[in-house]
Every structure is written in C-alpha cells, then in structure tokens.
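Q: Take this structure first; my questions come after.
The values are calculated or read from the model by the stated rules, or taken from the named source; none is laboratory data. The model shown is predicted, which means the values in this text are computed figures rather than measured ones. With ideal geometry, Cβ positions are generated from the backbone for all residues, glycine too; neighbour counts draw on all protein chains shown.
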C-alpha cells in the first residue's frame, strides 16, 4: 500500500511540475506590448540610418521582460512594398521566431515561407534595439505586416 501512495505522489508531483513549466513558458511572462500613438512601428531609413516611424494600423503585440526576443507584433500598413524598398533598409537574414499559439495573428512558418518566396519583404526596424538584438519587420504586398526581434550576432563579435 505504501508503494502505491509514494508512486501516486511522484506521478502527481511530476504532472503538476510539467503543467507549471508549460504555463510559465507559454503564458506567464508575456504582456501586451505598449506602443506610443504615431510611433508604433519604425523602419531604418536608407538615407539617415535612423529608425523612422511608419504608418501602421491595428497594431497588436506581445512582449516580455524575461527575454528581448519574445517581442511579436501584427499590423497593417498602407505603404507599398515598392516605396518601402526605396526608403528603408532591407534586412538580410530574417528568421521569424515562433510566437505562443494564443497570439494567433503571428504565424512564423507562414511569414518565413512568404519571405523565402518573395511574397513578403523584411526590413530593419531598429538595429541593436537590445544589445545583439535587431527588430525586424516583414511587409506583405497586401499591407499585412509583422514585427519580431532576433539575434544579430553582434554581441559575439565584440
């Protein structure tokens, strides 16, 4: 009888710990990203080399204080890809990072496939928004756009 109690306790403890770890990874540390009106999304200008706010509508995003690469955002822009490519820096190696499943507007696999096929174009939002981390913005021809932060390798180069 004692073996069943100890075994049950171990299984129950393992189950509770597993659920807690899942919840901590997927839900606990995220919060709604704060965007200043008129300055929600920025792209780096080819001419000045500085981030400039662009027109963005219906901006939603998530962020986390626990990691600089947990930022994700979805929005729409009336700006065309042609205008954007002439004005802002293109990002050389965009790799959209997976968002939690509950943030359903951001689908990293679809964004990545669109970037590979040329359906979407990635721009440098801001270089080193955190040390070694760039903000990247991908824009589709229909105006859908997505932003995330990814490692740029600069921290290891120093």
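Q: Does residue 58 meet the test of being under 21 Å from the mean Cα position of the chain (by Cα), without any contact (Cβ under 8 Å) to a residue 60 or more places away in the chain and either surrounded by 10 or more Cβ atoms within 10 Å (Cβ to Cβ) or over 23 Å from residue 151 (Cβ atoms) (or both)?
A: yes
Q: Considering 122, 114, which residue is surrounded by 14 or more Cβ atoms within 10 Å (Cβ to Cβ), in a helix (DSSP H, G or I) and either touching a strand residue (DSSP E or B) at 6+ places or on another chain (Cβ under 6 Å) or outside the structural domain of residue 40 (by TED's automatic domain parsing) (or both)?
A: None of the others qualify; the one that does is 114.
Q: Considering only segment 130-146, state which residues are touching a helix residue (DSSP H, G or I) at 6+ places or on another chain (Cβ under 7 Å) and surrounded by fewer than 23 Cβ atoms within 10 Å (Cβ to Cβ).
A: 130, 131, 132, 133, 138, 140, 141
Q: What is the one condition in (1) touching a helix residue (DSSP H, G or I) at 6+ places or on another chain (Cβ under 6 Å); (2) in contact (Cβ under 8 Å) with a residue 24 or more places away in the chain that residue 98 does not satisfy?
A: All conditions pass for residue 98, except number (2).
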